[in-house]
1. Tally up the residues in region 116-131 that are among the aliphatic types (A, V, I, L, M), within 20 Å of PHE70 (Cα to Cα) and within 16 Å of the chain's Cα centre (by Cα), please.
2. Among the numbered criteria (1) at pLDDT 95 or above; (2) surrounded by 20 or more Cβ atoms within 10 Å (Cβ to Cβ); (3) under 20 Å from ILE17 (Cα atoms); (4) among the β-branched types (Val, Ile, Thr), which one does VAL122 miss?
3. Against the definition (part of a helix (DSSP H, G or I), within 13 Å of the chain's Cα centre (by Cα) and not small (Gly, Ala, Ser)), how does THR149 come out, yes or no?
4. Can you tell which of SER77, SER73, SER40 is polar (S, T, N, Q) and at pLDDT 95 or above?
5. Just checking: which of the helices (runs of 4 or more DSSP H) contained wholly in region 8-117 hold 1 or more residues that are in contact (Cβ under 8 Å) with a residue 60 or more places away in the chain and more than 21 Å from LYS134 (Cα to Cα)?
6. Tell me, please, whether a residue that is polar (S, T, N, Q), buried (at least 16 other Cβ atoms within 10 Å of the Cβ) and touching a Lys or Arg at 6+ places or on another chain (Cβ under 7 Å) can be found in region 13-28.
7. Would you check if there is a residue in region 136-155 being on the phi < 0 side of the Ramachandran plot and free of Cβ contacts under 8 Å to residues at least 40 places away in the same chain?
Amino acid sequence: MILLGLDPGLGTTGWGIIAADGNRLSHIANGQIKTDTKWSLATRLLALDAALTDLILEYQPTGAGVEEVFVNSNPQSTLKLGQARGVVLLGAARAGVDVGEYAARLVKKSVVGVGNASKDQVHAMVARLLPSAKIAGADAADALAVAITHAHHLASARRIPTR
(Lines give C-alpha, C1' and ligand atoms only; values in the text may rest on other atoms or scores of the structure.)
Protein backbone atom coordinates (compact mmCIF):
# COMPACT_ATOMS: atom_id res chain seq x y z
CA MET A 1 0.00 0.00 0.00
CA ILE A 2 1.33 3.44 -0.94
CA LEU A 3 0.59 6.17 1.62
CA LEU A 4 0.97 9.93 1.39
CA GLY A 5 1.63 11.99 4.50
CA LEU A 6 0.97 15.73 4.47
CA ASP A 7 1.97 18.50 6.85
CA PRO A 8 -0.02 21.42 5.41
CA GLY A 9 1.13 25.01 5.43
CA LEU A 10 0.63 27.98 3.16
CA GLY A 11 4.33 28.80 2.93
CA THR A 12 5.57 25.23 3.03
CA THR A 13 3.63 21.98 2.86
CA GLY A 14 5.70 18.94 3.70
CA TRP A 15 4.92 15.68 1.95
CA GLY A 16 6.14 12.12 2.30
CA ILE A 17 5.38 8.90 0.44
CA ILE A 18 5.90 5.51 2.06
CA ALA A 19 5.07 1.91 1.20
CA ALA A 20 3.43 -0.14 3.93
CA ASP A 21 3.46 -3.93 3.76
CA GLY A 22 2.09 -5.16 7.06
CA ASN A 23 4.41 -3.76 9.73
CA ARG A 24 7.18 -3.11 7.20
CA LEU A 25 7.51 0.48 6.07
CA SER A 26 9.78 1.78 3.35
CA HIS A 27 10.52 5.26 2.11
CA ILE A 28 9.62 6.18 -1.45
CA ALA A 29 9.96 9.97 -1.61
CA ASN A 30 9.56 13.19 0.35
CA GLY A 31 9.80 16.91 -0.16
CA GLN A 32 8.27 20.30 0.32
CA ILE A 33 5.81 22.36 -1.68
CA LYS A 34 6.71 26.02 -1.27
CA THR A 35 4.68 29.05 -2.28
CA ASP A 36 5.99 32.57 -2.77
CA THR A 37 4.86 35.10 -0.17
CA LYS A 38 4.68 37.74 -2.92
CA TRP A 39 1.85 35.86 -4.64
CA SER A 40 -1.80 36.48 -3.80
CA LEU A 41 -3.49 34.03 -1.44
CA ALA A 42 -5.54 32.58 -4.30
CA THR A 43 -2.43 32.04 -6.43
CA ARG A 44 -0.61 30.37 -3.54
CA LEU A 45 -3.53 28.00 -2.90
CA LEU A 46 -3.75 27.20 -6.61
CA ALA A 47 0.00 26.42 -6.71
CA LEU A 48 -0.38 24.13 -3.69
CA ASP A 49 -3.30 22.33 -5.36
CA ALA A 50 -1.40 21.90 -8.65
CA ALA A 51 1.70 20.51 -6.92
CA LEU A 52 -0.36 18.12 -4.80
CA THR A 53 -2.25 16.93 -7.88
CA ASP A 54 1.08 16.19 -9.58
CA LEU A 55 2.26 14.19 -6.53
CA ILE A 56 -0.92 12.13 -6.43
CA LEU A 57 -0.75 11.43 -10.16
CA GLU A 58 2.92 10.42 -9.95
CA TYR A 59 2.78 8.16 -6.87
CA GLN A 60 -0.88 6.95 -6.94
CA PRO A 61 -1.30 6.65 -3.14
CA THR A 62 -4.12 4.50 -1.82
CA GLY A 63 -4.38 6.52 1.38
CA ALA A 64 -3.27 9.80 2.87
CA GLY A 65 -2.71 11.12 6.36
CA VAL A 66 -3.06 14.84 7.04
CA GLU A 67 -2.05 16.69 10.16
CA GLU A 68 -4.88 18.57 11.84
CA VAL A 69 -4.83 22.33 12.39
CA PHE A 70 -3.42 23.53 15.67
CA VAL A 71 -4.44 26.93 16.97
CA ASN A 72 -1.53 29.24 17.64
CA SER A 73 -1.36 32.75 19.06
CA ASN A 74 -1.66 34.43 15.64
CA PRO A 75 -5.21 34.09 14.27
CA GLN A 76 -4.08 35.10 10.74
CA SER A 77 -1.53 32.28 10.67
CA THR A 78 -4.12 29.80 11.90
CA LEU A 79 -6.54 30.93 9.20
CA LYS A 80 -3.93 30.56 6.44
CA LEU A 81 -2.99 27.13 7.74
CA GLY A 82 -6.67 26.15 7.66
CA GLN A 83 -7.01 27.32 4.07
CA ALA A 84 -3.94 25.33 3.00
CA ARG A 85 -5.27 22.30 4.86
CA GLY A 86 -8.59 22.64 3.04
CA VAL A 87 -6.79 22.58 -0.32
CA VAL A 88 -4.87 19.46 0.74
CA LEU A 89 -8.01 17.65 1.92
CA LEU A 90 -9.89 18.62 -1.23
CA GLY A 91 -7.04 17.51 -3.50
CA ALA A 92 -6.81 14.09 -1.89
CA ALA A 93 -10.58 13.59 -1.84
CA ARG A 94 -10.94 14.72 -5.48
CA ALA A 95 -8.40 12.04 -6.45
CA GLY A 96 -10.36 9.37 -4.56
CA VAL A 97 -7.69 8.94 -1.89
CA ASP A 98 -9.00 7.94 1.56
CA VAL A 99 -7.83 10.48 4.15
CA GLY A 100 -7.07 10.08 7.84
CA GLU A 101 -6.63 13.16 10.00
CA TYR A 102 -4.26 13.21 12.97
CA ALA A 103 -3.52 15.69 15.73
CA ALA A 104 0.13 16.73 16.01
CA ARG A 105 0.36 15.26 19.52
CA LEU A 106 -0.91 11.89 18.26
CA VAL A 107 1.64 11.88 15.43
CA LYS A 108 4.47 12.64 17.87
CA LYS A 109 3.25 9.97 20.28
CA SER A 110 2.93 7.40 17.46
CA VAL A 111 6.42 8.02 16.10
CA VAL A 112 8.48 9.13 19.10
CA GLY A 113 6.47 7.72 22.01
CA VAL A 114 5.57 11.05 23.65
CA GLY A 115 3.09 13.67 22.55
CA ASN A 116 5.31 16.62 23.39
CA ALA A 117 8.33 15.52 21.33
CA SER A 118 10.40 18.23 19.63
CA LYS A 119 10.74 18.59 15.86
CA ASP A 120 14.32 17.30 16.19
CA GLN A 121 13.12 14.17 17.98
CA VAL A 122 10.49 13.53 15.29
CA HIS A 123 13.10 14.02 12.54
CA ALA A 124 15.54 11.65 14.28
CA MET A 125 12.93 8.92 14.76
CA VAL A 126 11.68 9.19 11.17
CA ALA A 127 15.29 8.84 10.00
CA ARG A 128 15.62 5.71 12.17
CA LEU A 129 12.34 4.18 10.97
CA LEU A 130 13.07 4.99 7.30
CA PRO A 131 16.87 4.65 7.11
CA SER A 132 17.07 5.02 3.31
CA ALA A 133 15.31 8.41 3.40
CA LYS A 134 17.15 11.61 2.58
CA ILE A 135 14.75 13.90 4.41
CA ALA A 136 14.14 17.25 2.67
CA GLY A 137 13.63 19.28 5.87
CA ALA A 138 11.53 19.54 9.01
CA ASP A 139 8.21 19.81 7.15
CA ALA A 140 9.02 16.71 5.09
CA ALA A 141 10.01 14.84 8.27
CA ASP A 142 6.69 15.81 9.85
CA ALA A 143 4.84 14.62 6.73
CA LEU A 144 6.66 11.28 6.82
CA ALA A 145 5.71 11.00 10.51
CA VAL A 146 2.06 11.56 9.54
CA ALA A 147 2.35 8.85 6.86
CA ILE A 148 3.86 6.46 9.44
CA THR A 149 1.04 7.25 11.89
CA HIS A 150 -1.53 6.60 9.15
CA ALA A 151 0.12 3.27 8.32
CA HIS A 152 0.02 2.22 12.00
CA HIS A 153 -3.63 3.19 12.33
CA LEU A 154 -4.60 1.32 9.16
CA ALA A 155 -2.71 -1.77 10.34
CA SER A 156 -4.45 -1.64 13.73
CA ALA A 157 -7.86 -1.24 12.09
CA ARG A 158 -7.24 -4.35 9.97
CA ARG A 159 -6.36 -6.39 13.08
CA ILE A 160 -9.50 -5.42 15.00
CA PRO A 161 -12.33 -7.77 14.06
CA THR A 162 -15.59 -6.18 13.00
CA ARG A 163 -18.97 -7.54 13.99
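1. Selection size over region 116-131: 1.
2. (1)
3. yes
4. Only one candidate qualifies: SER40.
5. 75-94
6. No - not one qualifying residue is present in region 13-28.
7. No, every residue in region 136-155 fails to be on the phi < 0 side of the Ramachandran plot and free of Cβ contacts under 8 Å to residues at least 40 places away in the same chain.
Every residue, every condition in (1) farther than 18 Å from GLY65 by Cβ; (2) over 14 Å from the mean Cα position of the chain (by Cα); (3) surrounded by 15 or more Cβ atoms within 10 Å (Cβ to Cβ), yes or no:
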residue: LEU81; (1), (2), (3): no, no, yes
residue: ALA84; (1), (2), (3): no, no, yes
residue: VAL114; (1), (2), (3): yes, yes, no
residue: ALA133; (1), (2), (3): no, yes, yes
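The values are calculated or read from the model by the stated rules, or taken from the named source; none is laboratory data. All values derive from a computational prediction rather than experimental measurement. Cβ atoms come from the backbone with ideal geometry, glycine included; neighbour counts cover every protein chain shown.
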